[in-house]
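See structure below.
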Amino acid sequence: MTYDADRVDEHSVDHVSELELLRDDSAKVTWVNIDGHGDRETFSQMGELFGLHALALEDVMNLHQRPKFEDYGETDFVVLRMPSMTPHLDLEQVSMFVGESFLITIQERPGDCFDALRDRIRKNKGQVRRRGSAYLAYSVLDAIVETFYPVIERYGDQLEELETRVLANATENVVPEIHAIRHDLRMLRRSIVPTREVLSAMARADAGDPQDNTHIFLRDCHDHTVQLLEALDTNRELASSLMDLHLSNVSMRMNEVMKVLTIIATIFIPLGFLAGLYGMNFDGHVSAWNMPELRWRYGYPFALGIMGLTAIGLVFFFRSKGWLGKGS
């Protein structure tokens, strides 16, 4: 895509040599958007055509770059991460070369967040057509930063839904879902924090040019990353609170189970003592003190009655203390 204040042209090219025609008019701004990372030969030709540094081209081929900004004199090199939900979180690497009259953006695959920007250029809306490549670079950066908002909001909605489920059903196991969200939030933070540093460095670099006030817009974009981090930290705190709430519910449920088991065991302790006492079977003929109930006609019902009364007495005692249902 090439444009100036009066005209915009769009081209689809299959070879680097076709871009040479677009470089003839330096008065226009040229935006080259590349889908995929091609091969080293292609990028070597791109480097020769646009004067790109070899080290920066090596970084383009490495898809595990941390967001960064590097000044190579005539050309600035920027690496960012562009998020998407497909349906899981995906952080695509976007590399940018910003020259005096050109911008090159390199993505991992087709599909991006620049359609609204392209439409503004086609319809001559906003300031893009009247500004240079630095402002176009800012517009691309701003579009990438804006894509983080719906992603973070989506995680916020998921956390609110999980909170409702945890409060409604204390037995539901939501730990895997919370762990997955916390992992994605960490990944987002690892992308946004260096992005904030990139925008700050670019704003400082552009501030030295009195003819260009793009640094003002870059500072505004930098403020957006600060807002994103605040929203992200809020979601992380909510995720941690949800985990604590879930673990607290599990602990309370376990305590209830242990309380019931303890009460049952406590009731059977005296019953076991009575059963053991009357199970000694000392002969009553040897001594009058030896189990006088052993040959009593009502000895067995008497022992069962004592056990039953003991159990009932303990139940009423536990209820009076509020340990079993409501206190009487």
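The values are calculated or read from the model by the stated rules, or taken from the named source; none is laboratory data. The shown structure was predicted, so the numbers you read here are calculated from the model rather than taken from an experiment. Here Cβ is always computed from backbone atoms with ideal geometry, including for glycine, and neighbour counts include all displayed protein chains.
So, S191, is that one assigned to a helix (DSSP H, G or I), surrounded by fewer than 16 Cβ atoms within 10 Å (Cβ to Cβ) and hydroxyl-bearing (S, T, Y) or not?
No, not satisfied.
Among residues belonging to the range 162-188 that are under 28 Å from V257 (Cβ atoms) and of a type in the set (D, E), point out the one that is surrounded by the fewest Cβ atoms within 10 Å (Cβ to Cβ).
Looking at residues that are under 28 Å from V257 (Cβ atoms) and of a type in the set (D, E), I get E172.
Looking at (1) over 30 Å from S251 (Cα atoms); (2) surrounded by 15 or more Cβ atoms within 10 Å (Cβ to Cβ), can you tell me which one D220 breaks?
Against the list (1) over 30 Å from S251 (Cα atoms); (2) surrounded by 15 or more Cβ atoms within 10 Å (Cβ to Cβ), D220 comes up short only on (2).
Out of all the residues in the range 63-113, which are over 29 Å from A180 (Cβ atoms) and either in the same structural domain as I192 (by TED's automatic domain parsing) or not in a strand (DSSP E or B) (or both)?
Result: Y72, G73, E74, T75, G99, E100, S101.
Being surrounded by fewer than 17 Cβ atoms within 10 Å (Cβ to Cβ), closer than 30 Å to A201 by Cβ and within 34 Å of the chain's Cα centre (by Cα) is the requirement here; does E256 meet it?
no
What tally of residues in the range 127-161 results from selecting those that are surrounded by fewer than 21 Cβ atoms within 10 Å (Cβ to Cβ), over 24 Å from the mean Cα position of the chain (by Cα) and closer than 24 Å to S84 by Cα?
Residues that pass the stated criteria total 0.
Looking only at residues in the range 268-299 that are part of a loop (DSSP other than H, G, I, E, B) and among the small types (G, A, S), which one is modelled with the highest pLDDT?
G279
Going residue by residue through the range 257-275, is there one that turns out to be polar (S, T, N, Q), free of Cβ contacts under 8 Å to residues at least 60 places away in the same chain and closer than 30 Å to P67 by Cα?
no
Need pairs with beta-carbon distance below 7 Å; first residue in the same structural domain as N235 (by TED's automatic domain parsing) and over 18 Å from S251 (Cβ atoms) and within the range 166-192, second in a helix (DSSP H, G or I) and polar (S, T, N, Q); sequence gap 6+ or separate chains.
Going by the 7 Å Cβ cut-off, the qualifying pairs are I181/Q158; L185/N235; I192/T225.
Please verify whether S95 is hydroxyl-bearing (S, T, Y), crowded, with 19+ Cβ neighbours inside 10 Å and more than 20 Å from the chain's Cα centre (by Cα), treating the condition exactly as stated.
yes
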